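Structure record follows, encoded as C-alpha cells.
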Amino acid sequence: MAEKGSAEYYIQHHLTNLTFGRHPELGWTVAQNQEQIEAMGFMSIHLDTMLWSWLMGLLFIGLFMLASRRVTVGVPGGLQNFVEMVLEYVGGILKDTFNGRPSATIGAIALTLFFWILLMNTLKLVPIDYFPYSAELLGIPYFKIVPTTDINGTLGISFGVLLFIIYYSIKVKGAVGYAKELSSMPFAHWLFAPINFVLEVIALLVKPVTLAFRLFGNMYAGEVIFVLIALMPFYLQFIADVPWAIFHLLVIPLQAFIFTVLSVVYLNQAHEDH
Amino acid sequence: MNMNLTLLGQTISFFIFVWFCVKYVWPPLTTAMQERQKKIADGLEAADRAKRDLQMAQEKAGDTLKDSRAQSAQLLDEAHRRSAQMIDTAKEEAKAAAEKIAAQAKADVDAQIATAREQLRAEVSRLAVLGAERILQTEIDAAKHAKLVDDLAAKL
C-alpha cells in the first residue's frame, strides 16, 4: 500500500469507493483499506455510490413529482417550464429513435436514464477534494461521490436496461418468438440454430456492457485527469482545471444523452419483429 | 474497480426510479403538455375562424350597404317621378277646373246679356208702342200689333 501523503496514495484514495461488506475475518464492516476491500470480494456494497445515486435519484423524482403535482394546462411556472423542457427533449429522443408511439414506461425509462445520469455526472464538477477530504477528516476512509465513475453504478443501470430489453422482447414477440429470433440469425438455416443463439445472446449481453463501459470510461477517465490536475501546485491548477471542467460541461450531458439514445434504440429493437 | 453488490443495488434503484416515473411523473406531465398543445391549437383555430367570420361579416355588411344604397336611390327616383306626376295631374286638373269656371262664367255672362237684351227689347218695344201710341194718339191693340212690335224688337 502506498505511503500516506504520497501522490500515489492521493490518487488511489480519490479513486476508491467507501465499501461496506463482509470481511472474512472482521465480518460485516466498512473497509478501511485496499486489502480489506479486496478480501470482501463480491459481498460488499459501495455506500458512497449508493448514497449519491439515491440522492440524485430522489432529487430527480422529487423535482419532477413536485412539478407534476402542481401541473397546470394553463401558463406554466418556472419549475414546470424546466421540467417540460426536459420532457420535450426526451420526447424528441423518443420521436427520433423509437418507431411507433412509446408507452409511458418507455418514456419513463428514457427520462429516468437521461436525467438521473445527467445529475450523477454533474456531481463530477464538484471540486475533487471537497468530499473525500471532508470525509477523511470525519474518519470515513474513502468517499467518491460520482456514481457514474463506479463501474458497478453504470453496469447496474445498464443491467436494468437489459432486463427491460428482454421483458419487451418477450412481451412483443412471445417467449417462443423471441427464442426463434435469437436462433434464426445471422445464419438462416436450422442447423446453425445453436450457433446463432450463442451469437445473439452475446450480442444481447454486449449491449448493456458497452453502455456501461462507455459511460464509466468517460467519467472515470475524466475523474483521473481531475485527480492528476489536483496534484499540481494549487496556484497552477486553474490552468488545466478550468479547460477540463469546461470540456466536461460538454461530456456530462453528452454521455447522459448517448446512454439514453442507445437504450431507446435497443428498446426499439426489442419492439420490432424481424 | 471490483464488481460487488452495488451492481444489484443500482439496478434496483433504477427500477424504483423508473417505477416512480411511470406512476407519478410521466403521465400527468405529458397529459398536461398534450392538453396545452391541443388548447393552443384550438385557440389558433378559433382565432382563424373568427378572422374568417369577421371578413365574411364585413363583406356582408358591404353588400347590405350597397343594396340599401341602391334601394334608397330607387325609392328617391320613384318619389321624384311620383311627385312630378302628381304635380302634372294637379296642374291639369287645375287647368280643367279653371277652364270650366271660365266657361261657366262666360255662360252666365252670356245668359245675363241675353236676359238684359230681352228686357231691353221688351222695354224698347213697350217704349216703341208707347211712343207710337203717343204719336198716333190712338190706342194700339197690343194683341193686334204684336207681330209688328215683335218684328221691331227683333230688329233691335
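The values are calculated or read from the model by the stated rules, or taken from the named source; none is laboratory data. All values derive from a computational prediction rather than experimental measurement. Neighbour counts run over all protein chains shown; Cβ positions are idealised from the backbone, glycine included. Remember, those area values only see protein heavy atoms, side chains included, never the ligands or the DNA or RNA. Shrake-Rupley method; radii C 1.70, N 1.55, O 1.52, S 1.80 Å.
Could you check how much of the accessible area of region B:1-65 is carbon and sulfur, as a whole percent, using a 1.4 Å probe?
Numbers: 2750 of 4260 Å².
Here carbon and sulfur together make up 65 percent of the probe-accessible area.
About its Cα centre, how strong a charge dipole does the protein assembly as shown have in debye, to the nearest 20, once Lys and Arg get +1 and Asp and Glu get -1 at the Cβ?
On the way: 36 positive and 41 negative charges, 152 e Å.
I would put it at about 740 debye.
Starting from the amide H of A:HIS23, placed 1.01 Å from N in the peptide plane, find each other amide H under 5 Å away whose residue is 5 or more places distant or on another chain.
HN-HN under 5 Å from A:HIS23: A:TRP28, A:THR29.
Among A:SER183, A:SER44, A:SER103, which one moves the most in a GNM of chain A with springs linking Cα atoms closer than 10 Å?
The residue that fluctuates most here is A:SER103.
With every protein chain in place, what's the accessible area of A:VAL172 (1.4 Å probe, Å², nearest 10)?
About 60 Å², rounded to the nearest 10.
Please compute the average number of Cβ atoms from other chains found within 10 Å of each residue's Cβ in peptide B:26-39. Spell out each step's value before the answer.
On the way: counts 15, 4, 6, 12, 9, 4, 10, 9, 1, 4, 7, 1, 1, 2.
Average per residue, whole number: 6.
Taking θ = phi - 60°, what integer Hz values does the Karplus form 6.51 cos²θ - 1.76 cosθ + 1.60 yield along region B:7-15, in sequence order, with x for Gly and Pro?
Whole-Hz 3J(HN,Hα) from phi for region B:7-15: 3, 5, x, 5, 4, 4, 4, 4, 4.
Across region A:156-164, in residue order, what do the Karplus-derived ³J(HN,Hα) couplings come to in whole Hz, using 6.51 cos²θ - 1.76 cosθ + 1.60 with θ = phi - 60° and x for Gly and Pro?
x, 5, 5, 5, x, 4, 4, 4, 5
With θ set to phi - 60° and the Karplus curve 6.51 cos²θ - 1.76 cosθ + 1.60, what are the ³J(HN,Hα) couplings of region A:203-213 in order, to the nearest whole Hz, using x for Gly and Pro?
Working through the residues one at a time gives 4, 5, 6, 5, 4, x, 5, 5, 4, 5, 6 Hz.
Taking the solvent-accessible surface of protein heavy atoms with a 1.4 Å probe, what is the per residue accessible area of region B:12-156 in Å²?
Values: 11840 Å² over 145 residues.
Counting only protein heavy atoms, the per-residue value for region B:12-156 is 82 Å².
Just checking the output field for A:63-73: average partner chain Cβ neighbours within 10 Å of each residue's Cβ? The partial results should precede the final answer.
Values: counts 1, 7, 7, 1, 4, 10, 3, 0, 9, 3, 9.
Per-residue shielding by partner chains comes out at 5.
Any chance you could check the Cα centroid distance between region B:1-34 and region A:154-177 for me, in angstrom?
Taking the Cα centre of region A:154-177 as reference, the centre of region B:1-34 is 15 Å away.
Take every Cα pair under 8 Å in region A:81-201 that's 6+ residues apart, average their separations, divide by the length, and report that relative contact order as a whole percent. Mind showing how you got there, number by number?
Details: 61 pairs, mean separation 14.3, N = 121.
With pairs under 8 Å counted, the relative contact order is 12 percent.
Looking at chain A, which longest stretch skips every one of the chymotrypsin sites (Phe, Trp or Tyr not before Pro) that is in a DSSP loop with at most 16 other Cβ atoms within 10 Å, leaving the sites themselves out?
On the way: sites that count: A:PHE42, A:PHE187, A:PHE234, A:TYR235.
That gives A:43-186 as the longest site-free run.
Quick one: Cα centre-to-centre distance for region A:63-88 and region A:100-153, in angstrom?
23 Å
Could you pull out the pairs from B:LYS106/B:LYS147; A:LYS207/B:LYS23; A:LYS173/A:LYS207; A:LYS124/A:LYS171; A:LYS173/B:LYS23; A:LYS171/A:LYS207 whose alpha carbons sit more than 29 Å apart here?
B:LYS106/B:LYS147; A:LYS124/A:LYS171
If exposed GluC sites (Glu not before Pro) are those in a DSSP loop with at most 14 other Cβ within 10 Å, what is the longest stretch of chain A that has none?
Details: sites that count: A:GLU3, A:GLU25, A:GLU272.
Longest run free of exposed loop sites: A:26-271.
Amide H to amide H under 5 Å from A:LEU15: which residues, 5+ apart in sequence or cross-chain, H placed 1.01 Å off N in plane?
none
Roughly how many Å² is the accessible area per residue of region A:148-274, as a whole number, for a 1.4 Å probe? Numbers along the way, then the final one.
On the way: 6210 Å² over 127 residues.
Spelled out: the 1.4 Å probe surface of region A:148-274, per residue, equals 49 Å².
Have a look at A:SER263, B:LEU152, B:ILE113 and report the one farthest towards the positive end of the charge dipole of the protein assembly as shown, computed about the Cα centre with Cβ charges (Lys/Arg +1, Asp/Glu -1).
B:LEU152
Would you work out which of A:TRP28, B:ALA50, A:LEU94 lies farthest towards the positive end of the dipole of the protein assembly as shown? Charges go on Cβ: Lys and Arg +1, Asp and Glu -1.
The Cα lying farthest towards the positive end belongs to B:ALA50.
Working only with C-alpha atoms, what are the Rg and Dmax values of region A:194-274, expressed in angstrom?
Gyration radius and largest Cα-Cα distance of region A:194-274: 18.6, 62 Å.
Taking the protein assembly as shown on its own, what percent of its Cα-Cα pair distances exceed 30 Å?
Working: 60865 of 92235 pairs.
For the protein assembly as shown, the fraction of Cα-Cα distances above 30 Å is 66 percent.
In the Gaussian network model of chain B, springs joining C-alpha atoms below 10 Å, which of B:ALA132, B:ALA79, B:ALA57 carries the largest mean-square fluctuation?
Most flexible of the set in this elastic network: B:ALA132.
Nearest 100 Å² is fine: what is the total accessible surface buried where chains B and A meet, probe 1.4 Å?
3900 Å²
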